[in-house]
Amino acid sequence: MSEQLVNIDGVEVTFFKSDRAKSLNITIKPFTGVRVSVPKSISFKKAKTATKQRIGWIKTHLSKMQKAEDKFTVFTLDTEFKTRYHHLDIKYAEVEKPKAITRGEKINILIPLSTDVKSSAVQLEIRKGIERTWRKEAKEYLPNRVEELAEKHNFKHKSVSVRNSKTRWGSCSNDNSINLSLHLMRLPDYLIDYVILHELSHTKIKNHSKDFWHLLDSVSGNAKKLDREVKGYGIQIY
């Protein structure tokens, strides 16, 4: 068995064998709960013992994670949710496990007949489907928008990449490559433009000095206000 679900002092913990893990690794994430990756060289028995010793730490972080979960949308059959070009369609079907399929203008979520739509497995699959769709939309929209704004404001950059970054909306490397989070697709267009212009401005000034903000303000208009608006969005929270 490569995966085990164990209750440790009232906390459900999923242990799973990992070929890549070099040491025991405990992760606590919204909708996935507590997961422990176990190297091939360590038995499940030893992993459980080691995890039990850290149950106090786990409960503390689990409590913080559960507070964060309260900010997330709990998707139901009646939830209306749209991306830039697609809309969510959740329905029950004769499937063995939750499945997300993006086809046409729909993100189709198929749920097994006996499964609660609010279960962690379903909620996680819905979010995976949405994020796959955002990635597709982002790759179609963001690089073209970077080119348009760069040309308009005379910025020179190298490549543009789209990633599932959940810590930063964007970044600019030392060689002026632009990296953008697919989660930008959640923002209104004017804030997407602001983030892009922020990173393009870093092709000329690598720090956040007064000169940087003056440059950014000249191309975006009221940069500090736009920056505060962007910070009002949680990258992972939707």
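The values are calculated or read from the model by the stated rules, or taken from the named source; none is laboratory data. Since we're looking at a predicted model, the values are computed, not measured. Here the Cβ is made from the backbone with ideal geometry for all residues, glycine too, and neighbour counts use every protein chain on show. These area figures cover heavy atoms from the full protein model, side chains too; ligands, DNA and RNA do not enter into them. Shrake-Rupley method; radii C 1.70, N 1.55, O 1.52, S 1.80 Å.
Numerical summary
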| read-out | value |
| --- | --- |
| Residue within segment 128-151 that is closer than 27 Å to Q4 by Cα and either outside any strand (DSSP E or B) or touching a residue at least 40 places away in the same chain (Cβ under 8 Å) (or both) present | yes |
| Hits in segment 173-188 - residues which are open to solvent by 20 Å² or more (accessible area, probe 1.4 Å) and in contact (Cβ under 8 Å) with a residue 24 or more places away in the chain | N174, N176, R186 |
| Yes/no for E3 being surrounded by fewer than 16 Cβ atoms within 10 Å (Cβ to Cβ) and in contact with a His (Cβ under 6 Å, 6 or more places away or on another chain) | no |
| Within segment 20-36, considering residues that are modelled with pLDDT of 90 or more, surrounded by 15 or more Cβ atoms within 10 Å (Cβ to Cβ) and in contact with a Lys or Arg (Cβ under 8 Å, 6 or more places away or on another chain), the one farthest from Q123 (Cα to Cα) | I26 |
| Criterion (more than 18 Å from the chain's Cα centre (by Cα) and either of a type in the set (A, V, I, L, M, F, W, C) or surrounded by fewer than 18 Cβ atoms within 10 Å (Cβ to Cβ) (or both)) met by exactly one of K231, K210 | K210 |
| Top-ranked residue in segment 20-37 [being part of a strand (DSSP E or B) and not polar (S, T, N, Q); ranked as nearest to the chain's Cα centre (by Cα)] | K29 |
| Identity of the residue in segment 158-172, in contact (Cβ under 8 Å) with a residue 24 or more places away in the chain and outside any strand (DSSP E or B), that ends up farthest from G232 (Cα to Cα) | N164 |
| Selection status of L191, open to solvent by less than 30 Å² (accessible area, probe 1.4 Å), among the hydrophobic types (A, V, I, L, M, F, W, C), under 29 Å from Y85 (Cα atoms) and in a strand (DSSP E or B) | no |
| Residues of segment 61-82 that turn out to be in a loop (DSSP other than H, G, I, E, B), open to solvent by 90 Å² or more (accessible area, probe 1.4 Å) and under 16 Å from G234 (Cα atoms), as a count | 2 |
| Unique residue being of a type in the set (K, R), over 25 Å from the mean Cα position of the chain (by Cα) and crowded, with 16+ Cβ neighbours inside 10 Å when the list is K17, K40, K48 | K48 |
